[in-house]
Structure formats: C-alpha cells, structure tokens
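The values are calculated or read from the model by the stated rules, or taken from the named source; none is laboratory data. Nothing here was measured: the structure is a model prediction, and the numbers come from that model. Positions of Cβ are backbone-derived with ideal geometry, glycine not excepted, and every protein chain shown enters the neighbour counts. Protein only, heavy atoms only, side chains kept; ligands, DNA and RNA dropped before computing areas. Shrake-Rupley method; radii C 1.70, N 1.55, O 1.52, S 1.80 Å.
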Protein chains: 2
Amino acid sequence: MPTPPGEFELIARYFRRPAPHAVLGIGDDCALLACEPGLQWAVSTDMLVEGRHFLAGAEPRQLGHKALAVNLSDLAAMGAQPRAFTLALALPTADPQWLQAFSSGMLALADASGIELVGGDTTRGPLNLCLTVLGLVPPELALRRDAARAGDALWVSGTPGDARLALGHLRGEWQLSPAQAQVVLPRLHAPQPRVGLGLALRGVAHAAIDISDGLLGDLGHVLRASGVGAVVDADSIPASPALAAVATARRRACQLAGGDDYELLFTAPAHRHAKILQAAERARVPVARIGSIVAEPGLQLRDSAGRSIAEHYPSFDHFAAS
Amino acid sequence: MPTPPGEFELIARYFRRPAPHAVLGIGDDCALLACEPGLQWAVSTDMLVEGRHFLAGAEPRQLGHKALAVNLSDLAAMGAQPRAFTLALALPTADPQWLQAFSSGMLALADASGIELVGGDTTRGPLNLCLTVLGLVPPELALRRDAARAGDALWVSGTPGDARLALGHLRGEWQLSPAQAQVVLPRLHAPQPRVGLGLALRGVAHAAIDISDGLLGDLGHVLRASGVGAVVDADSIPASPALAAVATARRRACQLAGGDDYELLFTAPAHRHAKILQAAERARVPVARIGSIVAEPGLQLRDSAGRSIAEHYPSFDHFAAS
C-alpha cells in the first residue's frame, strides 16, 4: 500500500488555492482579511456530524457541496455577500479519492458563490466538518431575526418540505416513485443556498432566517426575537409536484417541520409586495406569501379555508428528549 | 431522571453572554462585526478531537481553557488583538455539569484575553470542539511566516518541551516526581497563549509562528515560507527545572519535537536584540535567542560546543504513517 499522504501535503493537494480577495490565504497561523469601509462582517459557524447531519457513506462530492451550502445559507439569511471561509475537517482516514471528490464538490460551490477558502485544520477523528463563513453586509441592511414587525407579510422561498420528503424515502418511512425521488433527492443532498435572494432582499425585507430546523421552528426564532406573532396559511406554502402528490397530513408535516430545506423565510411590509416579487425575479428564486406577522405573540396555523390546524409540529432539536 | 435540556436552551444557559464589541452576538443566523479603519481581521480555525488532542475524560474546565488557548495562540503568532470567536461543539450527551465546567474554563480565558463569543453551533456526536477566532492587526504589522530574513536572530518564548514531558508522564513513557508533575502538567492541560508577547513584537519581529506541532516542525514552516535556512543551538533552548533534570537526549526530543507548547518562535533583525528583550519584558514572558536565520536553505542543529546533532526529530503530523 502506498504511504498515506501527510497532513500538510493533503491540505496543499486538495484545498490550497489562490484567494485573491484575501490579504493572506491558507498557509499561515491566520488568514488576513481587509476591512472594507462602510461594510460589516457577518460570521457564522456550522458543524456537520456523520449520522446526524448526513448519512454514513454519504457521497463525498455532494457532502462537500452541502457542508458549504448550509453555511452559505446563513449568510444568505443575513443578506451578506459571501467572501471567505475556513474548513476544519476530522477524518477517520485520509482517503485521496474521498478528499478529491469532497474538495471538488465544495470548491465548485465556493467558486459559484464568490467565496474563498482562506484557512482550516485537518485531523484524524470521527468524520466531522466544521465551516466558518464570512460575508460582507452594509450596516442597517442586515436581515436580522429581531426585525419582524406587526403588519409585515410572511414569505418563503422555493418549496420547503422536499428535503424531508427525500429523507423519509431514504429511511423507508414512505416510498417515492423513481421520477419523484430523482427530483427531491438533490434537494436533500445538494441544497442551493439562496445567496442571491438574500442580497436582493437587502433594504426590502425586514427579518429573515434560513429554514434549517423546520419552517415553524425557525419562524418561532423570528417571532421570539421580534416580540411578535404570526398567522400562517399552511396550504399556501408552495409544494413541489412530488410533495403535492402525497396526503395532506404528510405534506404539511414535511413543509412545516421538515428540516434541511435552506430556503429563506422572511418578512416585509405588506405594501412592498411588488418589490419582493421583483427581488425574487432578479434572484431567479420563486417566493410566496404564506401569512402575516401580528402583534399578538404566538403562532396561528390555518388551512386554506381559514380553519385552525391543531396538529403539533415539533421543531428539530439535536438534544431534545424524544 | 430530569429531562435533558434542549439544544437552544443549552446554548443560552452556558454560553450566551453580552458581546459589547460586536454589532450583533449570539442568536441570529450570523454575528455582525464592524470593520475598524486601518485594521485587518486575522482569522484562524482549530479543531480538537478527543483521543487525539486531549485524553478521553479530560477535565472539562481545563479543556474549555485549552480549546480557546490553542486558537488564541494562532492570533498571538500573527500579532493580532483577539476580538471575537465562534464555538462549534459536538457532544455525545448534554451533561449540565460538564457544560458548566467547560464553559466557565473557556469563558474565563476569553474574559482575560478580551475576546468575545459571538456565535456557534452545538450538536450531538463524538466529542469535537471547533473554534474560529478573529483578531485585529494593522496591515504590514502582521507577523507572517514568510517574513524571516537571512541575518535574523531566532528566538523562542518560555520553556518549550514541558508539555511533551507531561504527556510522556501521563502515557507512562517516563515517571516524574510529584513535584515535577505538578509544574509541567498545567503546561500541557492549561497552556497560556502568548497574546501579549505577539502584540509587543509588532513592528519589532519579522516572522513568527506558534509551536503547536514541535519546535523544529514549526520552524520548518517558517523556513520554507521564507525561503531561508536556520542554525539552531539546541542547548540554548531554555529548559524548565523539570526538563533540565532529564537526560540530554530526552530533553532535546521534548524541546525540539514535542508539540502542544504554544510558545512563540520568531525571528528579528539581530540588531534589535534589546528591543526584543524590552518587548518580552512588557509582555512579562521570558524569551531566549536560540539561533540564526541563514540564506542557505535547510536546518543545521548544533550542540553547545557547536557540534552538529545528527538525530532526526519528526514533527507531529496527524496523518503521517508511523
């Protein structure tokens, strides 16, 4: 067997690349990033663990894409322009084929998103991916969770619930047709962070959050931070054809409590309806109005006839007693 | 048994604190950090894995300290002022006692170092700690690895090798007296990052690196990045009393190839000898000149009589075939 490559050689071979926007990229104790006058840095960290955030044996190219995508989604939800990221990687073994596929999946999305890998760490250990992303946003234009106001309309991008539909198929909870699976599996394995939409919503939307733990759970974070409530019309949430084909109760459960969607949930003054549609058009991402922000705290969930929906949809919690 | 606390409650209880320097701290999709005119951000990430970077069952308060210390050490080696950090934490179980001790160890060092926790992520998984630290440094004053010049003196802070001496004691490779162990074990478990020294060396030193993987291995990074060589007088490296008491071969191995020291190794023009000593005095950290940077690439290791030392001291490599 050939000698496995050493740690530093690995980094150089698969991950080292020019970082033209950075003052200094990979290879020193720290990367150096210039400050840009009039902008703030948005910073977010996400850790992905095998068996929890992705299945054991996940295809490495998709995994590389997804690990960066979920972090870019946090920048999108803040209205920040992606600029730089670091990658810390614990690997049980240093498998060149795996690393090649993983890094190419990650770096392809990095290139498409204008974000540069500027530093990182690799070590042996149970598979774990930890990324920190940095982006730029003008002060006062960041889309904060605490900015929802009574009277705002509530919007969502894309068709949330597809990732949960795909996960249930993989887990054997239900069975999708090959054609349906082909459409929804990429929504789970290779989500598209809504970076362009986040940028287009600067100065138009009030609050925003990305849907990682389920629509209602993430909406709850916005409501608590903003001190407001919401009325949600569950049946106005856009469904993909695959999701529209399943029974109502399952569809709603996927849409309202399914995680891993990485769509944006946002609020905006009701009178900006046309501006929101223009922003979505510019970003080429479909959006839909699904409810309203109200002064009274709490969440009122309604069906298309305006009747209250009583089901309880727990949000995803990594440490919840279940 | 009481219900284990949920993920978000955990974060709030043990880690959420005011971050007065940040525009926005924990609790949104991203933290927001203002740019300061005339300064650059230094960014570094380190991942610590149980069984590799720390022993299983490590005392959580020390572990919290050490996880931040090794990251602060990277800022120190860049001459950066610590400002903000994120913490991603994978835990097998959410044990309140463990979390209380871990967070108090980490946050005590954060307070002492002027760095604020601004964001993070917690998940269930094999114990893994990933920190990203951010600090500020004026352009042109960062202590880069590629800045060593022929004619520079080579310096080191403190007494490298103690952490390796402590590790060998714990591993049963050798036996220290209780008094010796009491002195060197904290050097392994609770290293003191040389932040003040890094700041004091701005504009005085040329290149710097922190000793995490062993003095010679880390020196090698500086030499390669700078395109120079070095002559090191192995016997001029300061030894703690515990290390001075062991046989020469073991002492040298600990000093030259032991990792986990988090001392600073740096170069400076020889004529700045007095300025370096003044900087060390201001930072209250002892430093010693241990060699010289030369134009010819490669490393020449000498004893106190000027004789060449032929031993091979491999640097620490997490993926090296051993």
Once Lys and Arg get +1 and Asp and Glu get -1 on their Cβ, which of A:211, A:168, B:168 lies farthest toward the positive end of the dipole of the protein assembly as shown? A:211
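Which order do you get for B:284, A:224 if you rank them by accessible area with a 1.4 Å probe, largest at the top? Show your work: numbers first, answer last.
Numbers: B:284 210, A:224 170 Å².
Solvent-accessible surface, decreasing: B:284, A:224.
Fully extended, how many nm does the chain gain between residue A:173 and residue A:52 (0.36 nm per residue separation, minus their Cα-Cα distance)?
Using 0.36 nm per residue and subtracting the Cα-Cα distance, I get 41.8 nm.
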For the range A:143-302, whose charge dipole is built from +1 on Lys and Arg Cβ atoms and -1 on Asp and Glu Cβ atoms, the candidate among A:249, A:222, A:182 with its Cα farthest towards the positive end is A:222
Leaving out ligands, DNA and RNA, and with a 1.4 Å probe, what % of the accessible surface on the protein assembly as shown is carbon or sulfur? 53
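From largest accessible area down, sort B:202, A:83; use a 1.4 Å probe on the protein chains. Mind showing how you got there, number by number?
Numbers: B:202 65, A:83 40 Å².
Result of the area sort, largest leading: B:202, A:83.
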Any residue on another chain or 5+ positions along whose placed amide H is under 5 Å from the amide H of residue B:258 is listed here as B:215
Let me know the shape class of chain A, please: from the alpha-carbon gyration tensor, a ≥ b ≥ c as square roots of the eigenvalues, rounded when a/c is under 1.5, otherwise prolate if a/b is greater than b/c, or oblate. oblate
What FRET efficiency do you get for residue B:296 and residue A:112 if R0 is 51 Å and r is their Cβ-Cβ distance, rounded to the nearest 0.05? 0.70
Mind giving me the nanometre distance, one decimal, between the label points for residue A:303 and residue A:182, set 7 Å out from Cα along Cα→Cβ? 3.4
Given the protein chains as shown and a 1.4 Å probe, how many square angstrom of residue A:216 are accessible, to the nearest 10? 20
Buried area at the B-A interface (accessible, heavy atoms, 1.4 Å probe, summed, Å²): 5500
For residue B:170, place a label point 7 Å from Cα along the Cα-to-Cβ direction in every copy; what are the distances to the other copies, in nm, shortest first? 3.6
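Placing unit charges on C-beta atoms (Lys and Arg positive, Asp and Glu negative, everything else neutral), compute the dipole magnitude of the protein assembly as shown about its Cα centre in debye, rounded to 20.
Values: 54 positive and 62 negative charges, 84 e Å.
In total the dipole reaches around 400 debye.
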Dipole magnitude of the range B:229-319 about its Cα centre (Cβ charges: Lys, Arg +1; Asp, Glu -1), debye to nearest 20: 340
Would you calculate, for chain A, the mean residue ellipticity at 222 nm contributed by helices, counting each DSSP H stretch of 4 or more residues as -39,500 (n - 2.57) and dividing by all residues, to the nearest 500? -9500 deg cm²/dmol
Taking the solvent-accessible surface of protein heavy atoms with a 1.4 Å probe, what is the per residue accessible area of the protein assembly as shown in Å²? 39
Shape call for the protein assembly as shown, from the Cα gyration tensor axes a ≥ b ≥ c (a/c under 1.5 means rounded, otherwise prolate when a/b beats b/c, else oblate), comes out prolate
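At 1.4 Å probe size, put B:140, B:296 in order of accessible surface, largest to smallest. Mind showing how you got there, number by number?
Details: B:140 175, B:296 125 Å².
Ranked from most to least accessible, the order is B:140, B:296.
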Given label points at 7 Å from Cα along Cα→Cβ, what nm distances, shortest first, separate residue A:304 from the same residue in every other copy? 8.9
Whole-Hz Karplus ³J(HN,Hα) for the range A:204-215, in order, using 6.51 cos²θ - 1.76 cosθ + 1.60 and θ = phi - 60°, x for Gly and Pro? 10, 7, 8, 9, 8, 8, 9, 8, 10, 10, x, 4
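Is the C-alpha gyration tensor of the range B:213-322 telling us rounded, prolate or oblate? Criteria: a/c under 1.5 is rounded; beyond that, a/b larger than b/c is prolate, otherwise oblate.
Numbers: a/c = 1.42, a/b = 1.18, b/c = 1.21.
Note, shape of the range B:213-322 comes out rounded.
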Which FRET efficiency value, to the nearest 0.05, is calculated for residue A:36 and residue B:21 with the Förster distance at 25 angstrom and r the Cβ-Cβ distance? 0.85
Using the crude model of +1 on Lys and Arg Cβ and -1 on Asp and Glu Cβ, and no other charge, please compute the dipole size for the range B:7-140 relative to its Cα centre, in debye to 20. 260
Cysteines, the protein assembly as shown, no other Cys beta-carbon under 4.7 Å: A:30, A:254, B:30, B:254
Dipole axis of chain B (+1 Lys, Arg; -1 Asp, Glu on Cβ), positive-most option in B:62, B:150, B:312: B:150
Can you list, shortest first and in nm, the gaps between the label point of residue A:286 and those of its counterparts in the other copies, using a point 7 Å from Cα in the C-beta direction? 7.1
Over chain B, what relative contact order in percent results from Cα pairs under 8 Å that are six or more residues apart? 22
List the residues of the range B:35-70 whose accessible area drops by at least 30 Å² when all protein chains are present, compared with their chain alone, using a 1.4 Å probe and counting only protein heavy atoms. B:35, B:40, B:41, B:43, B:45, B:47, B:49, B:52
So if I take the centroid of the Cα atoms in the range B:72-101 and the same for the range B:212-244, what is the distance between those two points in Å? 27
Report relative contact order for the range B:36-119 in percent, whole number only (criteria: Cα-Cα under 8 Å, sequence separation at least 6). 39
